[in-house]
């Protein structure tokens with residue numbers, strides 16, 4: 001009886017389960033924080049008043065601090081924090097919005113999205129990284 005196809009199927013199934021477990025555990029608490037940051041970013045871009053813009057930026061910064069406190073894997077910690085720190089520097093460097101500068105600040109804020117894209121690409125774990133992280137957690 002040839003068990004090779006069954007063995008291959010079993011190995012593939014275990015790999016998929018480990019990867020899905022890894023994705024859920026590594027992004028678990030961080031994912032909702034990132035979604036909130038994205039929401040506040042979008043609301044600041046669409047803000048119709050300086051007060052709303054300032055409020056959304058403040059809420060964004062609060063979520064950013066939560067993200068900075070996340071327990072990143074050692075392989076991605078430095079690059080992830082570098083990106084988050086650049087976003088923080090940018091946001092804390094913004095002046096308070098007023099009626100005269102609101103549209104310019106909204107335009108400038110789009111640089112945060114460029115940083116997001118840049119650092120998500122840099123910090124994105126590969127399949128093998130996810131698998132190894134999962135195995136490390138299990139041992």
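The values are calculated or read from the model by the stated rules, or taken from the named source; none is laboratory data. The structure displayed is predicted, hence computed values, not measured ones. A quick note on method: Cβ atoms are made from the backbone with ideal geometry, for glycine too, and the neighbour counts reach across all protein chains shown.
Remarks
- Residues considered: 72, 60. Of these, the only one that is part of a loop (DSSP other than H, G, I, E, B) and crowded, with 17+ Cβ neighbours inside 10 Å is 72.
- Test for residue 85: is it over 23 Å from residue 117 (Cα atoms), part of a helix (DSSP H, G or I) and modelled with pLDDT of 90 or more: no
- Test: residue in segment 19-42 that is more than 19 Å from residue 120 (Cβ to Cβ) and modelled with pLDDT of 95 or more: no
- Residue 77 fulfils the conditions (1) closer than 21 Å to residue 111 by Cβ; (2) surrounded by fewer than 16 Cβ atoms within 10 Å (Cβ to Cβ); (3) modelled with pLDDT under 95 except for a single criterion, (1).
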